[in-house]
Amino acid sequence: MSKVKDIRLAAQGALKVDWAESHMPVLMEIRKQFTAKKPLRGVTVGFALHVTKETAVLVRTLVAGGARVAIAGCNPLSTQDDVAAALAKEGVDVYAWRGQSAKEYYENLNKVLDHKPQITIDDGGDLVFTIHKHRRELLSVVKGGCEETTTGVIRLRAMEKDNALEYAVIATNDADTKHMFDNHYGTGQSTLDGILRSTNILFSGKTVVVAGYGWCGKGIAMRSQGMGANVIVCEVDPVKALQAAMDGYRVMPMDSASSIGDIFITATGDIDIICERHIRKMKDGAVLANSGHFNVEIVVPDLEKLSAGKKVMRDNVVMYTLKGGKRIYLLAEGRLVNLAAAEGHPSEVMDMSFADQALSCAYINKNKLAPGVYPVPVEIDSLVAKMKLATMGIRIDSLTARQKEYLSGWEEGT
Ligand code: ADE
């Protein structure tokens, strides 16, 4: 029995899902194959994923492959209520709505787990974590899982290192066809989309400070520069910092950037990126947005502590007035701005990420894997790239026999 905000939104949600389907040709092709071969017949898949129109296309695809699906959101603010209603109307067990409390969030994860999934699909690792910590009776039922995001993969590797991970999980995030596109172009576009939808602010001429120069930060910096902003990158890894410098950005510590920036965007995956000492230095009117998985990068309690008052200015924009009168605008409560204030990554890029998810799911069902973190099999990664190219009408060269031989030899030199 589903629990969503308003089932009457189902028709509107179904239109959105149909829209996404028409922009996700790879996943739709996989759906055709799944419909014919039923690689997930009789399998229950438990999801903790952002409940978006793209996720709904993945859910429908797994259902076409014979799976039963139960789904909860993976962030209190990212559920698209109309999409949740549409899935519920189609018979999927949905436990998700926008604006859940932390307690409701975990209750919903547990409702998914009550379905005793054999496969888990996580974005951030909360299902895996909950099973290992609180629902250990399910460890004998679960065959394996997939993890969608960098933060979740980092968590899983930490569990693996501590010998605490008791089933196999495929790090979908680490597939080339996932992070090189979703994290880079997807986060780049959707983060700006979230900031623009909530503020309608002009990027041109602004100083945008991007914290973190991983795949997500790179995408955000690139798109901000493309809109005419002066971009500053803050990064702790010397190689990545060097790359940012050679990509043409100014690079400096957050302590220096905090007095210069107009818009601050965090994408590090770590805690305490923007805290009291930075906020104190910021200009009047600075805008703070986070694009990392958890709401720990901008230290909101510090902002609260420094403030004399706060006011909701627009959807997803709260103005904090600091004790000296300076105004700081926090977007989407410091939660991931691209999903809380916009629709997440566009369908075209989720097409590849979710093709990886669907195929990895079938792979887990077919193969018995020992506990541990696994890469997406290279055959899947390269198949997804080939399928995407084909849907884009792009043909590429292939190696001749002579070229292959040359590449595998070592004797031919100067
Ligand atoms: N993560 C980022 N964008 C997303 C989307 N559109 N759907 C599901 N998960 C996402």
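Name the residues in region 201-219 that are farther than 28 Å from Asp284 by Cβ and outside any helix (DSSP H, G or I), would you?
The one that is farther than 28 Å from Asp284 by Cβ and outside any helix (DSSP H, G or I): Gly214.
If you scan region 41-59, which residues turn out to be among the charged types (D, E, K, R) and more than 9 Å from the ligand (Cβ to nearest atom)?
Of region 41-59, the ones among the charged types (D, E, K, R) are 41, 53-54.
The one that is among the charged types (D, E, K, R) and more than 9 Å from the ligand (Cβ to nearest atom): Arg41.
Of all residues in region 147-200 being within 23 Å of Arg136 (Cβ to Cβ), part of a helix (DSSP H, G or I) and touching a strand residue (DSSP E or B) at 6+ places or on another chain (Cβ under 9 Å), which is nearest to the ligand (Cβ to nearest atom)?
The qualifying residue nearest to the ligand (Cβ to nearest atom) is Gly152.
I need the strands (runs of 3 or more DSSP E) fully contained in region 254-358, keeping only those with at least 3 residues that are among the small types (Gly, Ala, Ser). Outline the logic, then answer.
Numbers: elements: 263-266, 286-290, 307-314, 317-322, 327-331.
Correct list: 307-314.
If I go through region 220-250 residue by residue, how many of them are in contact with a helix residue (DSSP H, G or I) (Cβ under 6 Å, 6 or more places away or on another chain) and part of a strand (DSSP E or B)?
4
So which of Tyr106, Tyr95 ends up being more than 30 Å from Asp176 (Cα to Cα), of a type in the set (Ser, Thr, Tyr), more than 16 Å from the ligand (Cβ to nearest atom) and in contact (Cβ under 8 Å) with a residue 40 or more places away in the chain? Quick ask: steps written out before the conclusion?
Details: Tyr106 fails: in contact (Cβ under 8 Å) with a residue 40 or more places away in the chain.
When all the criteria are applied, what remains is Tyr95.
Between a residue in region 270-286 that is on the phi < 0 side of the Ramachandran plot and modelled with pLDDT of 95 or more and any residue that is β-branched (Val, Ile, Thr) and part of a strand (DSSP E or B), which pairs come within a Cβ distance under 6 Å, given they are 6 or more apart or on different chains?
Note: pairs meeting the criteria are Ile273/Thr266; Ile274/Ile298; Ala286/Ile328.
Which one is surrounded by the fewest Cβ atoms within 10 Å (Cβ to Cβ), of the residues in region 334-373 that are more than 13 Å from the ligand (Cβ to nearest atom) and under 30 Å from Ile273 (Cα atoms)?
Val373
In this structure, is Lys16 closer than 15 Å to Ser353 by Cβ, within 16 Å of the ligand (Cβ to nearest atom) and basic (Lys, Arg)? Don't jump to the end; show me each part of the working.
Numbers: closer than 15 Å to Ser353 by Cβ: no; within 16 Å of the ligand (Cβ to nearest atom): yes; basic (Lys, Arg): yes.
It is false that Lys16 is closer than 15 Å to Ser353 by Cβ, within 16 Å of the ligand (Cβ to nearest atom) and basic (Lys, Arg).
Only one of (1) under 22 Å from Leu331 (Cα atoms); (2) surrounded by fewer than 22 Cβ atoms within 10 Å (Cβ to Cβ); (3) in contact with a Phe, Trp or Tyr (Cβ under 9 Å, 6 or more places away or on another chain); (4) charged (D, E, K, R) is not met by Lys240, so which one is it?
(1)
The values are calculated or read from the model by the stated rules, or taken from the named source; none is laboratory data. Just so we're clear, the structure is a prediction, and the values are computed from it rather than from any experiment. Cβ atoms come from the backbone with ideal geometry, glycine included; neighbour counts cover every protein chain shown.
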